[in-house]
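**Q** Below: one structure in structure tokens.
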Amino acid sequence: MLTLVPGSAKEKYMREYTIILEPDTEAGGYTVTVPALPGCITQGETIEQCIERAQEAIAGYMESLRAEGEPIPVEQAR
């Protein structure tokens, strides 16, 4: 679970989203997806870099939704 801290540069409201890291056997590193946010995908060389980039990708996704007046998805409990 990745938590974006309220008031941080990454997100204004606390949200938690699961991220999935899949090893990229061809290029190395990982591909990162956020299942609750369709199309929210990034990549990184290390797990730490993946987490940082996922935070950035999620924040950008949220910003886009707000700009379009769309609701912010809440991850469903598993």
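**Q** Filter the range 29-44 down to the residues that are of a type in the set (Gly, Ala, Ser), in a loop (DSSP other than H, G, I, E, B) and free of Cβ contacts under 8 Å to residues at least 40 places away in the same chain, then identify the one that is surrounded by the fewest Cβ atoms within 10 Å (Cβ to Cβ).
**A** Of the range 29-44, the ones of a type in the set (Gly, Ala, Ser) are 29, 36, 39, 44.
Next, only the ones that are in a loop (DSSP other than H, G, I, E, B) stay: 29, 36, 39.
Narrowing the set further to residues that are free of Cβ contacts under 8 Å to residues at least 40 places away in the same chain leaves 29, 39.
Numbers: Gly29: 15, Gly39: 8.
That would be Gly39.
**Q** If Thr25 passes every condition in (1) modelled with pLDDT of 95 or more; (2) loosely packed, with under 14 Cβ neighbours inside 10 Å but one, which one does it miss?
**A** So Thr25 meets the others, but not (1).
**Q** Here are some residues: Glu56, Glu63, Glu75. Which one is surrounded by 12 or more Cβ atoms within 10 Å (Cβ to Cβ), modelled with pLDDT under 90 and within 16 Å of Arg15 (Cβ to Cβ)? Even if it seems obvious, please write down each step before you answer.
**A** Values: Glu56 fails: modelled with pLDDT under 90; Glu63 fails: modelled with pLDDT under 90.
Every option except Glu75 fails the conditions.
**Q** Under 9 Å between Cβ atoms, which residue pairs at least 6 apart in sequence (or on different chains) link something in the range 59-78 that is in contact (Cβ under 8 Å) with a residue 12 or more places away in the chain with a partner that is of a type outside the set (Ser, Thr, Tyr) and in a helix (DSSP H, G or I)?
**A** Ile72/Met62; Ile72/Leu65; Ile72/Arg66; Pro73/Leu65
**Q** Does Glu16 satisfy the criteria of being buried (at least 16 other Cβ atoms within 10 Å of the Cβ), modelled with pLDDT under 90 and either within 13 Å of the chain's Cα centre (by Cα) or not in a helix (DSSP H, G or I) (or both)? It would help to see each step written out before you state the result.
**A** Values: buried (at least 16 other Cβ atoms within 10 Å of the Cβ): no; modelled with pLDDT under 90: yes; either within 13 Å of the chain's Cα centre (by Cα) or not in a helix (DSSP H, G or I) (or both): yes.
Criteria not met by Glu16.
The values are calculated or read from the model by the stated rules, or taken from the named source; none is laboratory data. This is a predicted model, so every value here is computed, not measured. Here the Cβ is made from the backbone with ideal geometry for all residues, glycine too, and neighbour counts use every protein chain on show.
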